[in-house]
1. Hey, any hits in the range 366-375 for a residue that's modelled with pLDDT under 90 and either more than 30 Å from residue 69 (Cα to Cα) or assigned by the TED database to the domain that holds residue 272 (or both)?
2. Please give the number of the condition residue 7 fails out of (1) under 30 Å from residue 182 (Cα atoms); (2) modelled with pLDDT of 90 or more.
3. If we keep just the residues of the range 347-361 that are open to solvent by 80 Å² or more (accessible area, probe 1.4 Å) and at pLDDT below 95, which is farthest from the chain's Cα centre (by Cα)?
4. Determine whether residue 160 is at pLDDT 85 or above, under 26 Å from residue 34 (Cα atoms), open to solvent by 20 Å² or more (accessible area, probe 1.4 Å) and touching a Ser or Thr at 6+ places or on another chain (Cβ under 6 Å).
5. So residue 197 clears everything in (1) modelled with pLDDT of 90 or more; (2) over 15 Å from residue 127 (Cβ atoms); (3) open to solvent by 30 Å² or more (accessible area, probe 1.4 Å) except one condition, right? Which one?
6. Within the range 143-153, identify whether any single residue is of a type in the set (Ser, Thr, Tyr), surrounded by fewer than 18 Cβ atoms within 10 Å (Cβ to Cβ) and without any contact (Cβ under 8 Å) to a residue 60 or more places away in the chain, and answer yes or no.
7. Taking the criterion of being open to solvent by 20 Å² or more (accessible area, probe 1.4 Å), over 21 Å from residue 196 (Cβ atoms) and outside the structural domain of residue 300 (by the TED database), would at least one residue in the range 19-41 satisfy it?
8. Does the range 391-413 include one or more residues that are outside the structural domain of residue 109 (by the TED database), within 24 Å of residue 98 (Cβ to Cβ) and small (Gly, Ala, Ser)?
Amino acid sequence: MQSSMMEKLSFLYKPYVLAVLTIGYIAGELGHYLIGVTSKATAIELDYGDQACQQNHTDFLRHELPAQCAEFIIEHECHQQHINGTVYCEWNYNGLGLEYQLLAGPSFIAVFTVMGVVLGVAADRYNRVRMLFVCTLVFAVAILLQGTVKEYWHLILLRMVMAAGEAGCNPLATGIMSDIFPESKRALVMAIFNWGIYGGYGIAFPVGRYITKLDIGGLGWRVCYYGTGVLALIMAVLTGTTLREPERQSIGEDAAGKAKINLVKVLLQPRVLLLVLAASIRHSGGMTFAYNADLYYNIYFPDVDLGWWLFAVTIGIGSIGVVVGGIVSDKVVAKMGIRSRVACLAISQLLATPFAFGSVYFEPLWAMITLGISYFFAEMWFGIVFAVLVEIVPLQVRSTTIGVFLFVMNNIGGNLPILVDPLAKAIGYRGSVMFFYAGFYGISTVLFFITMFFMDGPKPEETAATIGHDPTSHANHVEMGHENNTFQPDDYLPSPHANGHTANGHRNIVSRATPATMAQWRDLLGRAQNLSSAQSGQNLSH
């Protein structure tokens with residue numbers, strides 16, 4: 001009876017796995033981004049970072065103040081500002097400074113990227129569910145312990161441990177889901193799972209702001225980490241006790257008989273180098289805003305509560321942008337060649353750039369409006385970049401190339417925001433955020449535009465004789481993209497009796513060509529047969 005019931009409910013297992021993996025990923029990303037929202041309260045208690053003159057918690061609005069607190073750089077002048085005897089400024093930690101930038105970026109990114117490569121390799125050899133259980137348990141405990149810290153260096157160390165655990169989430173969960181879900185649903189499943197990044201980042205705004213203000217049990221910001229850590233612990237237990245290791249499926253790239261590919265040669269292609277540089281600069285712009293958004297709006301608009309606005313824009317608009325970018329790239333641009341995909345990248349970031357400037361220039365209302373528009377266009381980039389990457393590298397080294405690409409992109413993009421602090425001391429915090437956030441969007445636009453000219457354009461008139469002739473072009477077109485059978489010479493026309501193989505023993509790719517290309521093949525073969533018959537007749541007559 002129990003066995004029969006389990007069989008009837010077996011259809012729920014796959015969505016259950018997706019739910020457990022996604023919620024676990026959200027918890028990890030929430031722990032990752034909480035520091036950006038709780039940093040001021042954390043800095044005040046742990047004594048790190050910069051101090052500055054700031055508006056205190058009196059009920060005055062900014063337009064009612066005779067002078068803005070941020071204008072004063074000397075402590076005693078800050079304390080002298082008052083309205084009818086009520087002091088409205090305070091000199092305190094603002095959550096910024098080099099210590100914060102180290103905490104938010106390098107301490108996490110350095111470990112995260114290295115461990116991501118290590119755990120990605122291990123995922124191909126060992127039980128992924130057990131490994132994911134351990135990884136989730138590690139970052140859950142690290143997040144939980146962050147709520148107990150007494151010193152700044154405790155926080156640094158625990159963020160490094162958290163990064164080591166969270167690094168396994170993506171490669172391990174991706175492998176599990178690839179073996180559970182059919183290919184027809186794989187893209188949707190991956191999109192839902194990777195939405196966990198936006199989920200964790202977006203939820204960090206209301207959790208970090210409002211839970212901290214509630215000061216539950218006098219614990220303040222620490223409750224945010226306790227709650228997130230407990231959620232992650234629950235997901236770790238469910239992962240270890242209810243998920244099972246799926247049978248590994250052979251997917252595409254496991255076909256035998258491929259020529260050996262030189263990975264270094266692939267990585268050093270100018271178009272790959274340009275693409276990773278452009279992506280790294282774009283990623284740096286996004287990480288700058290992620291680490292500084294809440295602090296920026298709190299400093300410049302202390303009397304305006306933007307927590308729910310930031311949550312809605314990030315979760316709602318950002319998620320829509322990701323989906324729309326994938327649809328545009330796959331359904332429209334893909335048919336026009338790789339160059340058009342990169343053009344789509346450049347155009348989307350170009351459209352996002354002026355609105356990104358607006359989000360850190362205008363007053364709160366228009367800042368949120370322009371931020372939403374910017375997010376819609378800006379967040380198209382991630383999926384398109386990797387759609388381009390997998391089309392310009394051979395199948396045999398595709399996964400390794402993506403791993404190296406992510407390693408470089410995360411190290412550059414995740415660590416460059418540390419320069420926000422020294423530049424802020426030279427030109428001001430607003431100008432520094434503008435440069436590294438919106439400015440880097442603009443720079444990435446230029447780099448994507450240059451990259452476009454190194455990509456292959458559409459070749460609608462390509463004949464059978466030219467398909468596969470250039471073994472280094474990676475541009476052998478097929479009906480829904482590009483054939484990546486690179487570095488193998490298909491130089492000979494197939495014999496009509498070769499049973500799907502070319503005369504030189506290589507696989508015949510005609511069976512996957514477009515209808516137009518098939519017609520060209522038949523025309524060429526027909527001419528060859530007519531010529532052969534004519535020559536045979538001449539020989540007989542002689």
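The values are calculated or read from the model by the stated rules, or taken from the named source; none is laboratory data. Keep in mind that this is a model prediction, so the values were computed, not measured. Neighbour counts run over all protein chains shown; Cβ positions are idealised from the backbone, glycine included. With ligands, DNA and RNA removed, areas are computed over all heavy atoms of the protein, side chains included. Shrake-Rupley method; radii C 1.70, N 1.55, O 1.52, S 1.80 Å.
1. Yes, the range 366-375 has at least one match.
2. Going through (1) under 30 Å from residue 182 (Cα atoms); (2) modelled with pLDDT of 90 or more one by one, residue 7 breaks only (2).
3. Restricting to residues being open to solvent by 80 Å² or more (accessible area, probe 1.4 Å) and at pLDDT below 95, the top hit is 361.
4. Here the answer is yes, as residue 160 does meet what is asked.
5. It is condition (1) that residue 197 fails.
6. Checked against the condition, which is being of a type in the set (Ser, Thr, Tyr), surrounded by fewer than 18 Cβ atoms within 10 Å (Cβ to Cβ) and without any contact (Cβ under 8 Å) to a residue 60 or more places away in the chain, the range 143-153 yields no hits at all.
7. Yes, that holds for at least one residue.
8. Yes, the range 391-413 has at least one match.
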